[in-house]
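The values are calculated or read from the model by the stated rules, or taken from the named source; none is laboratory data. Note that the structure is predicted; figures quoted are calculated from it, not measured. Cβ atoms come from the backbone with ideal geometry, glycine included; neighbour counts cover every protein chain shown. Heads up: the accessible areas ignore ligands, DNA and RNA and are worked out on the full protein's heavy atoms, side chains in. Shrake-Rupley method; radii C 1.70, N 1.55, O 1.52, S 1.80 Å.
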Amino acid sequence: MAIRAAISGSHLKLRSSSLGARSLSSWWPNVEPAPKDPILGVTEAFLADPSPDKVNVGVGAYRDDNGKPVVLECVREAELRIAGGFNMEYLPMGGSVNMIQESLKLAYGENSDLIKDKRIAAIQALSGTGACRIFADFQKRFCPDSQIYIPVPTWSNHHNIWRDAHVPERTYHYYHAESKGLDFAAMMDDIKNAPKGSFFLLHACAHNPTGVDPTEEQWREISHQFKVKGHFALFDMAYQGFASGYPEKDAKAIRIFLEDGHPIACAQSYAKNMGLYGQRVGCLSVVCEDEKQAVAVKSQLQQLARPMYSNPPVHGALVVSTILGDPNLKNLWLGEVKGMADRIIGMRTALRENLEKLGSPLSWEHITNQIGMFCYSGMTPEQVDRLTKEYHIYMTRNGRISMAGVTTGNVGYLANAIHEVTKSA
């Protein structure tokens, strides 16, 4: 009996193992490899290139004039102060209260009445991406029949965020290809023609990927038309301070909308302006009618965050609140963020001057007219392909140049290569 039972058990085990193997092989037969991310794929290709002359102007991260990643001095000092002084317990679902308060003051103004009246619902988010995604889910849950109007072009991940939140996407005109500037008339027409009470995604400053921003007067006209149509604006503010070097100036669009009484939302990120790329620290805020509504909205934002990641990470929030909460560290940061902005502005000037000295038949005025990390060069995908194939220069195929990757050491090489692939255009 014992032998028969052992044989029977072995047979069942083998049969079970065989079924398990068959089941495992049939779980995911229809899964195909995902397409490569158009931005991250550029860096992968760059890293795989053995050429000593290769240049990466595709990465959306700041580099110093030697092409190296930068950790700001204010961040290092904040980390020294933090080290060993805090436990590793969970933050509340809404995140660090101190970080949120400092973020609101940065976005809405140090003496904002909205902050004093507790009319802003805000939570810590996983950088700007996480803030946008939480808002997209909030929009879907409480305005289920709404759409989102997104500029053409925009940061490619915006499309993914609202698509995965199941919010239908519409587009509005933004970039004018011939002038390489803002297509303001067409943009205003789209705002006027959108259904009343539509949601719009606006880039607060340093529009990605074009580097083209409305003027202050144009922002006032945009705000007025939003008021007429009752539209809602979500500002994606990934570059406050990094665009002009002055955080107050870079928040001007938001302040104009607030002056006009708009109930806006804002997605903030500290990736670029503090170099906290890998810390994934940001803030989502929504302006409400009163304190009671703000409490309700915040509770719902937290509920959306709960099944996604439960609680946001601690370290980056401590760094941000330490820097912004200490006058000396904040002043150090203001100097450093201006230094980053100034270097990029200087590289814009150098690239344009080099192209003009080469006798390029094209106008490169737009390089210095645009602002922020990116220059929308106007090059075609085929010209970008030539840059990569012949000169080992890597960028996204829409012609977006990350000015952070341009240095005094490679700007001449880059200008010459661009001249060679565009001179016959």
Report summary line: In this structure, the FRET efficiency calculated for Asn87 and Glu216 from their beta-carbon separation, with R0 = 56 Å, to the nearest 0.05, is 0.75
Query raised in the report: Under a 1.4 Å probe, what is the accessible area of the range 205-285 per residue, stated in Å²?
Result: 29
Query - Förster radius 60 Å - calculated FRET efficiency between Leu47 and Asp290 (Cβ-Cβ, nearest 0.05) - result: 0.70
Report task. Work out the FRET efficiency for Gln300 and Arg170 from their Cβ-Cβ distance, taking R0 = 25 Å, and round it to the nearest 0.05. Result -> 0.55
Query raised in the report: Using mean Cβ contacts within 10 Å as the protection proxy, how do 201-208, 415-422 order, highest first?
Result: 201-208, 415-422
Requested in this report: Could you pull out every whole DSSP H run in the chain that spans at least 27 Å of Cα extent along its own axis and averages -0.5 or higher on the Kyte-Doolittle scale?
Outcome: 2-26, 327-357
Report task. Quote to one decimal, in nm, the extra length available between Ser424 and Arg141 on full extension: 0.36 nm per residue of separation minus the C-alpha distance between them. Result -> 96.7 nm
Report summary line: In whole percent, the fraction of accessible protein surface over the range 313-425 that belongs to carbon or sulfur atoms, probe radius 1.4 Å, stands at 52
Query raised in the report: With labels modelled as points extended 7 Å from the Cα through the Cβ direction, what inter-label distance (nm, one decimal) is found for Glu178 paired with Ser156?
Result: 2.9
Query - Share, in percent, of DSSP beta bridges within the chain that are antiparallel, nearest 5 - result: 50
Query raised in the report: When the Cα centres of the range 262-329 and the range 151-218 are compared, how far apart do they sit, in Å?
Result: 24
**Report entry** Environment charge of Glu291, counting only residues whose C-beta is closer than 13 Å and scoring Lys/Arg +1, Asp/Glu -1
**Finding:** +1
Requested in this report: Can you tell me the order of 398-410, 89-101 when each peptide is scored by its average per-residue count of other Cβ atoms within 10 angstrom, highest first?
Outcome: 398-410, 89-101
Query raised in the report: Counting only heavy atoms of protein chains, what accessible area per residue, in Å², does the range 117-204 have with a probe of 1.4 Å?
Result: 43
Report summary line: For the table Lys105/Lys196; Lys298/Lys338; Lys68/Lys389; Lys227/Lys249; Lys140/Lys298, the rows whose alpha-carbon distance is greater than 27 Å are Lys105/Lys196; Lys298/Lys338
**Report entry** Potential extension, Ala186-Ser363 segment - 0.36 nm per residue separation minus Cα distance
**Finding:** 61.4 nm
**Report entry** Positive minus negative residues near Asp137 (Lys, Arg vs Asp, Glu; Cβ under 14 Å)
**Finding:** +4
**Report entry** Paramagnetic reach from Thr408 (point 7 Å along Cα→Cβ, amide N under 17 Å) across the range 330-368
**Finding:** 339-354
